[in-house]
Amino acid sequence: MEHSRLEKDSIAQPELWSLLMVLSPGRLDVGLYPPVPREEMLWRSFRLDASASGGMLKALEETVYDNPLLFSDFRSVDCVVDTGWSMLVPPDIASEQVEILAEQVWGDDESRGELNGYPTGASNAVMYMSMEADVEAFLRRTFYNIKFTERKSALCRYFTTHAAGDNECKLYAVFDADRLTVIALDADRLQLANSFVFSSAADAAYYTLACAAMLGWDLQRCGIWYRGDMEQCDAYVELLRRYVPSVKPLPFPIMRYRVSKYIMNAPLDLLITGQCG
């Protein structure tokens, strides 16, 4: 879904609002969060054509420049990043050792930026992420005091809260266009967080079941919670229920702000991360 541009006068007193961007392959989602609960949050989604000349950086620059409101001084600016350069690491491993591991896994890629760790909300894992160095530099130049977080780590923090006090294992499946993110929690321990590109409901169901099988989980006792477009999820759920007795939709997050019907279709990470700050 593409939305209209954000003009300079789209909101009054932007210095009282919080800006959240979700940068993922092929798309930039923008959330604007008001200073008081009675006002409505705003959401815009823009396609990024990283295959064109100039790659992701050029596509991102053009989108930002085409939306003048983004150059306002906001109360806070956050950016959730979905990148291929991410890995789960035990919390007791020093960052220097993680960098060595990253070079072994990803190679010595000069386009990769600084490696940073982000909490997952789980007791046994930290998420490390790098993003394209030129993209990170552009965002830091453009948005004062911007704070980054890795997308799966944000989802993990939300799901550890959702599963708090529950000792059962749970699989969470989050749909976003042609990407499926699967997160597995066993009580407060994170067992898996991965993203897959899929082309059909059967693909998505296969990836979900394969994750459970890789962990050795008994699907008769493990629940699966899902979030995504209803039409997209219906066929997925129908397939899963042949093998898993408990497949449930995630409830819509409790919001601090007024939301319209179209906001309910916003990406989950945009909704949950915007509740902070």
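Bear in mind these aren't lab numbers, they're just calculated from the coordinates by the rules spelled out. These numbers come from a predicted model, not from an experiment. Note: ideal-geometry Cβ built from the backbone for every residue, glycine included; neighbour counts use all protein chains shown.
A simple count of charges around Leu28, restricted to other residues whose Cβ falls under 9 Å of its Cβ and scoring Lys, Arg +1 and Asp, Glu -1, yields +2. The loop-placed trypsin sites (Lys or Arg not before Pro) in the stretch 174-277, going by DSSP, that have at most 11 neighbouring Cβ atoms within 10 Å of their Cβ come out as Arg221, Arg242.
Can you give the local net charge around Thr273? Use residues other than it whose beta-carbon is closer than 13 angstrom to its beta-carbon, Lys and Arg +1, Asp and Glu -1. Net local charge, Thr273 excluded: 0. Taking the DSSP bridge list for the stretch 165-249 and keeping only pairs wholly inside it, about 65 percent are antiparallel. About the centre of its Cα atoms, the stretch 165-249 shows a dipole size close to 180 debye [charges on the beta carbon of Lys, Arg (+1) and Asp, Glu (-1) only; nearest 20 debye]. In this structure, Tyr262 and Asp109 have a Cβ-Cβ separation that, at R0 = 41 Å, corresponds to a calculated FRET efficiency of about 0.60. Reported to the nearest whole Å, the Cα centre-to-centre distance from the stretch 78-118 to the stretch 35-50 is 29. Fully extending the segment from Arg47 to Ser95 would add 13.9 nm, taking 0.36 nm per residue of separation and subtracting the current Cα-Cα distance. Can you spot the lysines whose alpha carbon is less than 26 Å from Lys170's alpha carbon? Ignore those fewer than 8 places along the same chain. Within the straight-line limit of under 26 Å, Lys170 reaches these lysines: Lys152, Lys248. A Cβ-based charge dipole, computed about the Cα centre of the chain with Lys and Arg at +1 and Asp and Glu at -1, lands at about 980 debye. With both bridge residues required to lie in the chain, what share of the DSSP beta bridges run antiparallel, to the nearest 5%? In the chain, approximately 65 percent of DSSP beta bridges are antiparallel ones. When the GluC sites (Glu not before Pro) in the stretch 1-63 are filtered for DSSP coil states and for at most 14 other beta-carbon atoms within 10 Å of their beta-carbon, the remaining sites are Glu2, Glu7.
In the chain, taking the dipole from charged Cβ atoms about the Cα centre, the farthest positive-side position among Ala50, Leu270, Gly223 is held by Gly223. For the chain, the longest principal axis of the alpha carbon atoms and the long axis of helix 55-65 meet at an angle near 50°. Over the Cα atoms of the chain, the radius of gyration divided by the Kirkwood radius equals 0.96; this is the Rg/Rh ratio. Name the GluC sites (Glu not before Pro) in the stretch 77-112 that are in a loop by DSSP and that have at most 14 other C-beta atoms within 10 Å, would you? Of the GluC sites (Glu not before Pro), the ones in loops of the stretch 77-112 whose Cβ has at most 14 other Cβ atoms within 10 Å are Glu110. Using every pair of separate Cα atoms, the Kirkwood estimate puts the hydrodynamic radius of the stretch 165-249 at 12.7 angstrom.
Extension gain, Arg75-Ala202: 0.36 nm per intervening residue step, less the Cα-Cα distance, totals 41.4 nm. Where a ≥ b ≥ c are the square roots of the eigenvalues of the C-alpha gyration tensor, would you call the stretch 1-91 rounded, which needs a/c under 1.5, or, failing that, prolate if a/b is larger than b/c, or oblate? Oblate. Distance from the alpha carbon centroid of the stretch 233-263 to that of the stretch 181-206 works out to 15 angstrom. Listed by chain and number, the aspartates and glutamates placed with their C-alpha closer than 15 angstrom to that of Lys58 are Asp49, Asp66, Glu132, Asp134, Glu136; residues fewer than eight positions away on the same chain are left out.
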